[in-house]
Amino acid sequence: MQVAVVQLRSTEDIDRNVDAVQGLVRDAARAGATFVTLPENALFLRHSRDAVAPVEPLDGPLVTEMRRLATEAGVWLLLGSYPERSPDPRRYYNTSVLIDGTSGDAVTPGPIVAAYRKLHLFDVDLPSGESQRESDTIAPGSELVVASVAGVPTGLSICYDLRFPRLYQALIDRGARVLTVPAAFTEYTGKDHWMPLLRARAIENQAWVVAPGQFGHHGGARRSYGKSVVVDPWGTPVCVASDGIGFATARIDLTYQDQVRAAIPCLRHRHPAVD
């Protein structure tokens with residue numbers, strides 16, 4: 001499986017974001033990617049408190065457009081996240097949507113295979129002066145999600161989830177061989193934490209980690225770190241996107257993953273006292 005991590009600089013301008021996504025997904029498909037991954041907040045990234053999010057159900061126009069795009073490109077597509085309507089009228093879900101664009105057609109675009117609603121919400125006051133309160137507008141999800149991408153069990157997560165290693169252990173226990181981490185990691189924390197955390201999740205779970213990210217200044221105080229990356233089960237970054245808007249690609253090699261797990265069978269050595 002050839003995977004692409006798409007790097008965006010999304011803003012509150014939805015039409016502009018959709019245009020950028022369409023161009024990059026098509027380019028990644030032409031470059032040979034069969035699984036294209038988009039970052040968190042791909043279609044709308046808030047930087048002002050009074051901005052109105054385009055909250056929609058899963059069958060709304062934004063996700064439907066992404067389904068059409070995936071079908072046109074003939075790829076599996078991970079919409080890193082978008083604002084999904086929740087039962088709470090004051091808050092929405094931050095939802096990652098997995099689409100099988102290899103199964104659709106012009107009349108019926110590729111189906112939604114899975115939807116994961118972000119569990120851990122980013123409520124912080126950073127020394128840089130940036131303050132975020134996701135729980136003011138976002139409702140937390142409640143379920144872990146592992147889904148098949150072209151036959152490869154894939155565990156879904158979003159951004160701040162990365163700091164909670166037991167989540168990824170649970171996804172591995174459910175059979176995941178690839179872990180996706182679409183993100184809008186802050187510039188301030190990203191320079192020190194982004195790559196070490198991703199490599200740690202890959203090493204401790206002997207899994208492929210696919211992490212598309214946002215990059216640059218989005219408006220206001222919002223700045224994202226970028227460095228979209230694919231990390232192999234040994235913990236080695238095998239592709240890293242350059243600064244700016246674009247994408248990087250890598251080959252997911254499950255045979256290599258089997259070799260790593262056979263050489264150091266730590267997943268079988270876990271002691272029940274610490275599970």
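Here, each number is a calculation from the coordinates, and none is a lab measurement. Here the structure is a predicted model, which is why all the values come from computation and not from measurement. Glycine gets a Cβ as well: all are built from the backbone with ideal geometry, and neighbour counts include every protein chain shown.
Below is a table of values for the structure above.
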{"read-out": "Directionally averaged shadow of the chain, computed from the convex hull of its alpha-carbon atoms, nm²", "value": "14.0"}
{"read-out": "Whole-Hz couplings from phi, Karplus 6.51/-1.76/1.60, listed for segment 199-207; x for Gly and Pro", "value": "5, 5, 4, 5, 5, 6, 10, 6, 10"}
{"read-out": "Distance (nanometres) between label positions extended 7 Å along Cα→Cβ at A221 and S135", "value": "1.8"}
{"read-out": "Of F215, A248, A53, farthest towards positive along the dipole that unit charges on Lys, Arg, Asp, Glu beta carbons give the chain", "value": "A248"}
{"read-out": "Segment 15-126: proportion of alpha-carbon pairs further apart than 25 angstrom, %", "value": "21"}
{"read-out": "FRET efficiency estimate (nearest 0.05) - Cβ-Cβ, D243 to A106, R0 41 angstrom", "value": "0.65"}
{"read-out": "Cα-based convex hull volume of segment 1-68 per residue, rounded to whole Å³", "value": "90"}
{"read-out": "Label-to-label distance, nm, for residues given as K191 and T64 (7 Å Cα→Cβ offset)", "value": "4.5"}
{"read-out": "Segment 75-123-segment 143-168 distance, computed between alpha-carbon centres (Å)", "value": "14"}
{"read-out": "Label zone at D275 (point 7 Å along Cα-to-Cβ), backbone N below 19 Å, segment 151-185", "value": "165-177"}
{"read-out": "At most 11 other Cβ within 10 Å, DSSP loop - trypsin sites (Lys or Arg not before Pro), segment 26-85", "value": "R49"}
{"read-out": "Kirkwood Rh in Å, taken over all unlike Cα pairs in segment 164-265", "value": "14.1"}
{"read-out": "In nm, spacing of pseudo-spin labels at V124 and F164 (7 Å Cα→C-beta vector)", "value": "1.5"}
{"read-out": "Rule-of-thumb Rg ratio for segment 51-177 [Cα; 2.2 N^0.38 Å; N residues]", "value": "1.13"}
